[in-house]
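Notes follow the structure.
Quick note: the coordinates plus some simple rules give every number you see, no bench work behind them. Being a predicted model, the structure only gives us computed values, none of them experimental. Here the Cβ is made from the backbone with ideal geometry for all residues, glycine too, and neighbour counts use every protein chain on show.
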Amino acid sequence: METTNLESPDVANHHYNYVANLLLNENKSTHEAKNQLIAQGLSNEIAGLIVENVEIEIQEAKHEKARKDMVYGALWFCGGTILTIADIGFIFWGAILFGGIQFFKGLINVTS
């Protein structure tokens, strides 16, 4: 069984990218991803730490996207509403609808 030196940033990045690919693209569970790393020669503890760190990064990225959806959705909704109320001859229902949907999509994703 081959052991891997995690001191090298290239090796560590390889393992992190590998786990991210397993979790995001191949829809593997964290348990399956950990077992794949162990099969590649990593210890149980190191494999667990890598999978846990990748899972945290994925969750943080999802929450950041959800927060951005909420902000941009609110901006579109408010902008469309203000322009419609300003009575410049148009009803900006597209911006209002798009903004509302994007805001609530973000709100649902930030709470999950």
message = If I filter the stretch 79-94 for residues that are of a type in the set (A, V, I, L, M) and buried (at least 16 other Cβ atoms within 10 Å of the Cβ), do I get at least one hit?
response = no
Residue check, Ala33 within 27 Å of Ser112 (Cα to Cα) and either out of contact with any Ser or Thr (no Cβ under 9 Å at 6 or more places or on another chain) or part of a helix (DSSP H, G or I) (or both) = yes
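Results for (1) touching a Leu at 6+ places or on another chain (Cβ under 8 Å); (2) closer than 27 Å to Phe103 by Cβ, shown as yes or no for each residue.
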site	(1), (2)
Leu23	no, no
Met70	yes, yes
Leu83	no, yes
Phe92	yes, yes
ask   = Of all the residues that make up the stretch 54-78, how many are within 30 Å of Tyr18 (Cβ to Cβ) and exposed (fewer than 15 other Cβ atoms within 10 Å of the Cβ)?
value = 11
ask   = Mind checking whether some residue in the stretch 69-86 is closer than 30 Å to His14 by Cα and part of a helix (DSSP H, G or I)?
value = no
message = Looking only at the stretch 87-112, filter to residues that are among the aromatic types (Phe, Trp, Tyr) and in a helix (DSSP H, G or I); which one of those is farthest from His63 (Cα to Cα)?
response = Trp93
key: Lys28 vs. criteria basic (Lys, Arg), over 20 Å from Pro9 (Cα atoms) and not in a helix (DSSP H, G or I)   = yes
